[in-house]
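The values are calculated or read from the model by the stated rules, or taken from the named source; none is laboratory data. The model shown is predicted, which means the values in this text are computed figures rather than measured ones. When we count neighbours, we look across all protein chains shown, and the Cβ atoms used for this are built from the backbone with ideal geometry, even at glycine. Keep in mind that these areas ignore ligands, DNA and RNA; they rest on the heavy atoms of the full protein, side chains included. Shrake-Rupley method; radii C 1.70, N 1.55, O 1.52, S 1.80 Å.
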Amino acid sequence: MWTPAGRGRWHGRALRLWAAATARRGPPESGPAPTRAAAAAAGTPRSPDGPADRKEKIDMSRFSVENTRNFSIIAHVDHGKSTLADRLLELTGAIDKTKNNKQVLDKLQVERERGITVKAQTASLFYNCEGKQYLLNLIDTPGHVDFSYEVSRSLSACQGVLLVVDANEGIQAQTVANFFLAFEAQLSVIPVINKIDLKNADPERVEKQIEKVFDIPRNECIKISAKLGTNVERVLQAVIERIPPPKVHRKNSLKALVFDSTFDQYRGVIANVALFDGMVSKGDKIVSAHTKKTYEVNEVGVLNPNEQPTHKLYAGQVGYLIAGMKDVTEAQIGDTLYLHKQPVEPLPGFKSAKPMVFAGMYPIDQSEYNNLKSAVEKLTINDSSVTVHRDSSLALGAGWRLGFLGLLHMEVFNQRLEQEYNASVILTTPTVPYKAVLSSAKLIKEYREKEITIINPAQFPDKSKVTEYLEPVVLGTIITPDEYIGKVMMLCQARRAVQKNMMYIDQNRVMLKYLFPLNEIVVDFYDSLKSLSSGYASFDYEDAGYQTAELVKMDILLNGNIVEELVTIVHKDKAHSVGKVICERLKDSLPRQLFEIAIQAAIGSKIIARETVKAYRKNVLAKCYGGDITRKMKLLKRQAEGKKKLRKIGNIEVPKDAFIKVLRTQSDK
Amino acid sequence: EFLDGPGKSPSDRVQKGAVPPTSPVPCKGGQAAAASAPVPSRWRRSGEAPGPARRSGSRGGARAHAAPLPSFRRRGPAGRAPRAPVRPGRVSAASPSPGAVALPGARARGWAAAAAARAAQRRRRAEGARGPPSPRAALYVHWPYCEKRCSYCNFNKYIPRGVEEAAVRSCLVTEAQTLLRLSGVRRVESVFFGGGTPSLASPSTVAAVLEAVDQAAHLPADSEVTLEANPTSAPSSRLAAFGAAGVNRLSIGLQSLDDTELQLLGRTHSSRDALQTLAEARRLFPGRVSVDLMLGLPAQQVGPWLRQLRTLLGCCDDHISLYQLTLERGTELFTQVQRGTLSAPDPELAAEMYQEGRALLRDAGFRQYEVSNFARNGALSTHNWTYWQCGQYLGVGPGAHGRFAPQGAGDHTREARIQTLEPDNWMKEVMLFGHGTRRRIPLSKLELLEEVLAMGLRTDVGITHQHWQQFEPQLSLWDVFGASQEVKALLAQGILLLDHRGLRCSWEGLAVLDSLLLTLLPRLQDAWQQRAPSLVQGE
């Protein structure tokens, strides 16, 4: 999971995906206003503003299970999830209305490019309705399928969701993916049509789409403008009316779900928990079901949205817990916590993070290795889902092979490295974890398993050793205006995708479902889709296991010498086109030398593509007189210096950026 | 074929440069000869066409005595008179002196080995002697103004509303005097007026500078004095006036014989203007006219370009420069290509033009004595040769570069010097301090050797062992390059030659010199670092 090391909980949460801690939603740390509001709402005595005030602990026992609601907001990017969350917080007094609570998140470019939703914030809202005090827990979910496991864990702490759809754009791919996650978790879904104030808003059309695609009656849709605050109060009422209270028991012993965790430099791991049974308070000894480690609870509290210590947390409630955990891997998402000597059945569905995309990461300059190492360590301390293996390449030097949940995860990681740690890195073309089923008992004994996972092309086992190769597949959802159907289908076909479903969600929008080999969408699929649909098509995907595939290992040769960095695993049908692209790219990025260079792509001994870099015929400065000497010498020396850093393959000198150009942007057309 | 007079054998030319630039040299005789020779102040003569007059005045001597550039004339028609205004007395003054450079000898000549031996002998004598140095240098004068900006030019030039020529002239004179004094240079062997468009300056400015040079140092009558001339700004009468002012060689920026190309280049002249100027120039400066022709322009094709070259061969003089267009940042052409409004020049085609062009010139009797320069009848540019041989040169004028040791101030370390770029600022500085030197960068011994290597290999003779030894007596070319596997590979490929004569590029190698240097320069740096400790101490 993504968390900056900052302590400001609220904006910390808001920016978790977004790294840059520049955008401030409210004052750092908890300002007096939320505290006061919370205190007032909870019926505790008001005291003057000040640090002492914050130490007042809320008595959470006042909130009965019947008056508790746990819910999430899910939405496609830019459909207004964060703005709605802001309004809900204002309405319930969690944040000051006079503050400028406009959505001012510092968005990374990757967000816009990839279409991911800003994370909402986990917050406990205290709301008075018809004389009753309600505790409404708005539970954070990450907004992208890369994090679908985390989403599913967050949703498992909820009983309902607000499904926010833009009144102008209508249902998008991610809306669908999110809906089905909620639907499968058997949650109540409250459709919220947002941005009805926009000129081109067509809420009726969106109602129809929702009815058609999700089978939710039109009259259940709440039409709002989160920006203007229109009808937002109705949303809160709907949460109380339509979402059931959690089914939990205070009397049972503690059973708490860890649905998120962050790392604080001073206090260690802060685990976000939802209590399914029992209660927890400071001093309790708790055990992680996953690690079996025991901890003593130092602090419990609610997020309001800043951390607000409480005496206790009770079943059905959502809050945070600090218990001397030193590493986020000790508080893994989906883990169950229980009281020491009172073990419970762990909550179902726990999985360790499973990386789906692997890439090599190297410092641009080897002298930066140690700085980068420390930056990677700092980032992974907050994100247990990134796997790190040391790796080295003859051309690129020492580095790592990193595993990510998905492409977005990888890009976010890279952007955080660059923005927060000012580290420039070379990220190689992402690959996916292929599998090979070994053919003989001897081999199985040697590898210690029948099915081996290959995360580095260099370790690809020869065909003679395997009965079959497997590749990961995903189920992709594409929603597009129907005028682009033809192009979209051609693109999918070119990516070896198999169509599973197609339906019109309204008069001119189509939802397509395809089964894609993951490696086909891992590099540039999203960009291609966006460009061929003028930006109108949206895409999302979910894990769909493995399928058999005819995979081959492709070598790239320079004058007959294998370039180890460029060994690629490729589907047999794609070998020719991929090989051709790599050869062409190498041709464009290899400087001419004093002799001809043959660039070849080969499978075994069979050459499948070839390009030639001709020898230099002329490379000499035309004019070199008195005034040109200084500049010429400087240039020559710089080039000579650069030449020392070149990787020699045979007698060919290959600059690092030639590899980078091939490795970085290689697309399999 | 070679006209060797007493004591003026070709070896004199070789030996002339065969002395370390900063070592003391016995040259009193030469100095005396030079000093005693009456120097006609050519730039004082006015209204007289310079070429023929000087030619007749010097013909006899030149015939009878050593031609200063013996090898240059090897291919010339038999009995053809050398055109340089050569004064025998002055040639004999060509004794070893710092800053002097060996002029190019012809390839594979019988006398080369003997000359080398004699040169070595001379050098030993020179090294053994102690006496005050008598430095020589070439002098470059920068005229920074143009009428119009050419689309390919990134030189230091300005398009002024009006030039206060008297002020500029006075500053050029002052700076030349100051730098000459500072350098301790006693003899200026060539002057080159470049720009900008120096043919826009008035002949009196040129005369004033030459006068000042001769007074501050000594400008022998046979010194090469070149002026860059732009076809439109150089009508016949002006050219004659420049001749009278002391210019004895013209370099004409003809660039192309295709009017569309000339327009693309932003030139103000037509191909007709160019040919007319060339004819006038040849009449006034016979045998002393050079033309520039560009190649590798956007959309330029090999066939038509070769036709231009053939046309030019039909009417040119004895010197041609072929320049491949370099797209320089900050020029209009660069911007157009970046924007995509103009197609980028095709390097393959340019390479072909170059190869075809140099072959054509070779067949026409031209010697390719440098990457871009071709001469017949020995009409090499002495001034430019100084650059490639790492001789000393002074740069006068805004943005001019120089390389010399300020021996006048008692310092024997060679410096790279750059004058203030912007003309007005430069003038202010000259008026305040006597010169507008903006930067002085002392060149280490290794840096100087790197320049010797990079510049020397641009010439057809390359770096002779003698030439190298002037700069580095202890570490020979063999020591540096002989054992390197990478160098051996280049030798085996036939693009580089290392033999008893020295180190040089082959015909094919010259076209890819910059690639070769990427192997040779690091090798030199390594060898320099790995010198024996005793050598290091000796430095």
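State which residue is surrounded by the fewest Cβ atoms within 10 Å (Cβ to Cβ) when the search covers only region B:484-506 and only residues that are without any contact (Cβ under 8 Å) to a residue 12 or more places away in the chain and away from chain A (no Cβ under 12 Å). In this case the residue turns out to be B:D499.
The residues listed here are A:I222, A:I196, A:I190; of these, the one that is more than 28 Å from the chain's Cα centre (by Cα), modelled with pLDDT of 95 or more and open to solvent by less than 10 Å² (accessible area, probe 1.4 Å) is A:I222. For the criterion of being more than 14 Å from chain A (Cβ to nearest Cβ), open to solvent by 10 Å² or more (accessible area, probe 1.4 Å) and closer than 29 Å to B:A166 by Cα, B:G408 passes. Applying the criterion of at least 1 residues that are of a type in the set (K, R) and open to solvent by 20 Å² or more (accessible area, probe 1.4 Å) to the helices (runs of 4 or more DSSP H) found wholly in region A:513-615 leaves A:525-532, A:575-589.
If you go through region A:610-624 and keep only what is under 20 Å from B:G296 (Cα atoms) and either among the basic types (K, R) or within 7 Å of another protein chain (Cβ to nearest Cβ) (or both), you end up with A:K614, A:Y616, A:R617, A:K618, A:N619, A:V620, A:L621, A:A622, A:K623, A:C624. The set of residues from region B:256-275 being of a type in the set (S, T, N, Q) and under 26 Å from the mean Cα position of the chain (by Cα) comprises just one member, B:S256. Kindly indicate whether A:I599 is more than 14 Å from chain B (Cβ to nearest Cβ), within 30 Å of B:L520 (Cα to Cα) and among the hydrophobic types (A, V, I, L, M, F, W, C). Yes. Kindly establish whether A:K632 is farther than 21 Å from A:I652 by Cα, at the interface with chain B (Cβ under 8 Å from one of its Cβ atoms) and either under 49 Å from the mean Cα position of the chain (by Cα) or buried (at least 16 other Cβ atoms within 10 Å of the Cβ) (or both). So A:K632 fits the description; yes. Considering A:K587, A:K574, the condition of being farther than 30 Å from A:I171 by Cβ and more than 34 Å from the chain's Cα centre (by Cα) is satisfied by A:K587 alone.
If you go through region B:432-456 and keep only what is in contact with a helix residue (DSSP H, G or I) (Cβ under 7 Å, 6 or more places away or on another chain) and open to solvent by 20 Å² or more (accessible area, probe 1.4 Å), you end up with B:H435, B:L446, B:L448.
For region A:565-580, the set of residues classified as closer than 24 Å to A:I426 by Cα and in contact with a helix residue (DSSP H, G or I) (Cβ under 9 Å, 6 or more places away or on another chain) consists of A:E565, A:L566, A:V567, A:T568, A:I569, A:V570, listed by residue number. If you go through region B:507-525 and keep only what is surrounded by fewer than 21 Cβ atoms within 10 Å (Cβ to Cβ), within 22 Å of B:F366 (Cα to Cα) and facing another protein chain (nearest Cβ under 10 Å), you end up with just B:E508. Cβ-Cβ distances below 9 Å connect the following pairs, each with a first residue in region B:156-177 that is buried (at least 19 other Cβ atoms within 10 Å of the Cβ), a second residue that is aromatic (F, W, Y) and part of a helix (DSSP H, G or I), and a separation of six or more residues or different chains: B:C171/B:W426; B:E175/B:W426.
Checking each residue in region B:394-405 for being facing chain A (nearest Cβ under 8 Å) and under 13 Å from B:L443 (Cβ atoms) picks out B:H401, B:G402, B:R403.
Scanning region B:334-381 for residues that are farther than 29 Å from B:G456 by Cβ, away from chain A (no Cβ under 11 Å) and not aromatic (F, W, Y) gives B:T335, B:Q336, B:V337, B:Q338, B:R339, B:G340, B:T341, B:L342, B:S343, B:A344, B:D346. B:L421 meets the stated requirement of being over 18 Å from A:K632 (Cα atoms) and either of a type in the set (D, E, K, R) or more than 10 Å from chain A (Cβ to nearest Cβ) (or both).
Does A:V662 satisfy being open to solvent by less than 30 Å² (accessible area, probe 1.4 Å) and within 12 Å of chain B (Cβ to nearest Cβ)? Against the criterion (open to solvent by less than 30 Å² (accessible area, probe 1.4 Å) and within 12 Å of chain B (Cβ to nearest Cβ)), A:V662 does not qualify. State whether the residues of region A:494-508 include one that is open to solvent by 10 Å² or more (accessible area, probe 1.4 Å), modelled with pLDDT of 90 or more, not hydrophobic (A, V, I, L, M, F, W, C) and not in a strand (DSSP E or B). Looking for residues that are open to solvent by 10 Å² or more (accessible area, probe 1.4 Å), modelled with pLDDT of 90 or more, not hydrophobic (A, V, I, L, M, F, W, C) and not in a strand (DSSP E or B), one finds at least one in region A:494-508, hence yes. If you scan region B:301-316, which residues turn out to be more than 23 Å from B:R282 (Cβ to Cβ), open to solvent by 60 Å² or more (accessible area, probe 1.4 Å) and either assigned to a helix (DSSP H, G or I) or without any contact (Cβ under 8 Å) to a residue 40 or more places away in the chain (or both)? Scanning region B:301-316 gives a single hit, B:P304.
A:K285 meets the stated requirement of being more than 29 Å from the chain's Cα centre (by Cα) and in contact (Cβ under 8 Å) with a residue 24 or more places away in the chain. Give the residues of region A:130-158 that are outside any loop (DSSP other than H, G, I, E, B) and modelled with pLDDT of 85 or more, sorted by residue number. Hits for region A:130-158 are A:K132, A:Q133, A:Y134, A:L135, A:L136, A:N137, A:L138, A:L155. Quick check on region B:281-292: of everything there that is buried (at least 22 other Cβ atoms within 10 Å of the Cβ) and free of Cβ contacts under 8 Å to residues at least 60 places away in the same chain, which residue is farthest from the chain's Cα centre (by Cα)? Among them, the one singled out is B:A281. For region B:213-237, the set of residues classified as charged (D, E, K, R), under 17 Å from B:L394 (Cβ atoms) and either open to solvent by less than 20 Å² (accessible area, probe 1.4 Å) or under 18 Å from the mean Cα position of the chain (by Cα) (or both) consists of B:E224 only.
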